[in-house]
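A short reminder: the numbers here are calculations on the coordinates, not readings from a lab. A quick note: this is a predicted structure, and the numbers were derived from the prediction, not measured. Neighbour counts run over all protein chains shown; Cβ positions are idealised from the backbone, glycine included.
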Amino acid sequence: MASYDPQKIEKKWQQKWEASDIFTVKEDLKKKKNKYYVLEMYPYPSGEGLHMGHLRNYSIGDVFTRFKRMCGYNVLYPMGYDSFGLPAENAAIDQNANPEEWTNANMKLMKGQQKRIGLSYDWTRMIYSHDPYYYRWDQWFFLKMFERSLAYRQESYVNWCPSCATVLANEQVQSGQCWRCNSEVEQKFLTQWFLKIRTYAEELLDGLNKVDWPEKVKIMQRNWIGKSEGSIIKFPIAGEDRSIDIFTTRADTLFGATFMVFAPEHPWVKTWVKSTKYEKDFIKFYDDVMRQDKFERTDIEVIKKGMFIRKYAINPMTKEEIPIYIGNFVIYEYGALCD
């Protein structure tokens, strides 16, 4: 062969693969082969086609899948589309299109691209999350968790993009702006549903000892779970009939506590500064801090900033009043008591 013609050769063999169902996985009823399951992230069909990040990710999974097949494994290798929710709806709004029609058209486009790349999926196993036969099980799981008190409602701050009218993950906020539209991201205090995954923290930590993962990945997982053993100490707020719960791993050090720091986004703070001489400075400080990345705020290298708002707490050990400050290095939702 004088040269490799991908348009001719790849298309020819991909058509043969599809005609012979070569990648369709069948149950090994006689159990002659060991089972193996390869799962990649399912793409959002909100954009018009795949990007290079998709190609990189799916190429790695495909190579590994083919290797496992060659090693004699019966490999389940499905593909699907994370098509239910606001990203798809907002994309359809931008295109002035029907959300279902827009999403289905993008799924068809992406599937064609994945086939053209030559990825060896078993397309008979394809799922998409806006299919009622799929999301009915999401609803069923939620109801079962709610029945067991594993789903609960609580107020908390979220990253809110007013332009997209949606909540953003921390990773989707870049320099205080929305990753999609570059609008300024706001902090909204909303009532939300939460799942008590920390109830399983101990089980998840134990499970890390049973999986064959690189140690650096296990360390990241342990840090994400963030197990700490300590005590909850109540600090009364001076002049009020309520107290703030403080978690500490060293209760004996509280005798030396001389001040307390609140996150600027804590809902109590705005009521404390309202109509006081501190309100104007606080609003400016609050706006500056909310534009900071949450992970950046806790970085040891970041300059620590704060302000006093003439509010005091009572040290329960010494019964002395200690001043309350507002600091950029404290995050409201960080830390939780494991049930």
* Rg(Cα)/(2.2 N^0.38 Å) for the range 149-195, N = residue count -> 1.25
* Can you give the relative contact order of the chain as a percent, counting alpha carbon pairs under 8 Å and 6+ residues apart? -> 13
* Structure fact -> Highest GNM mean-square fluctuation among VAL75, VAL217, VAL261, for the chain with Cα springs under 10 Å, belongs to VAL217
* Asked: Quick one: ARG136, ARG297, fewest Cβ neighbours within 10 Å first, how do they rank?
  -> ARG136, ARG297
* Structure fact -> Once the mean of 1/r over all distinct C-alpha pairs in the range 32-88 is inverted, the Kirkwood radius in Å reads 12.8
* Residue of VAL289, VAL302, VAL158 that the Gaussian network model of the chain assigns the largest fluctuation, springs spanning Cα pairs under 10 Å -> VAL302
* Structure fact -> Given 25 °C, 0.890 mPa s and a Kirkwood radius over Cα pairs, the Stokes-Einstein diffusion coefficient of the range 193-339 in µm²/s is 139
* Structure fact -> Relative contact order in percent for the range 1-148 (Cα pairs under 8 Å, 6+ apart) equals 30
* Cα centroid separation, the range 202-246 to the range 102-125 (Å) -> 41
* Structure fact -> Of all trypsin sites (Lys or Arg not before Pro) in the range 219-270, the ones in DSSP coil with at most 15 other Cβ atoms within 10 Å are LYS227, ARG242, ARG250
* Asked: Reported to two decimal places, what Rg/Rh ratio describes the chain when computed on Cα atoms with Rh from the Kirkwood expression?
  -> 1.06
* When the distances between all Cα atoms of the range 12-147 are binned every 5 Å from zero, what whole-number percent does each bin get? -> 2, 9, 16, 18, 17, 15, 11, 7, 3, 1, 0
* Structure fact -> the chain: longest segment with zero exposed GluC sites (Glu not before Pro), where exposed means DSSP loop plus at most 15 other C-beta atoms within 10 Å, is residues 49-228
* Structure fact -> Most fluctuating of PHE255, PHE285, PHE189 in the GNM of the chain (C-alpha, under 10 Å) is PHE255
* To do: Could you tell me which of rounded, prolate or oblate describes the range 116-231, using a ≥ b ≥ c as the square roots of the eigenvalues of the alpha-carbon gyration tensor, with rounded for a/c under 1.5 and, failing that, prolate when a/b is larger than b/c and oblate otherwise?
  => rounded
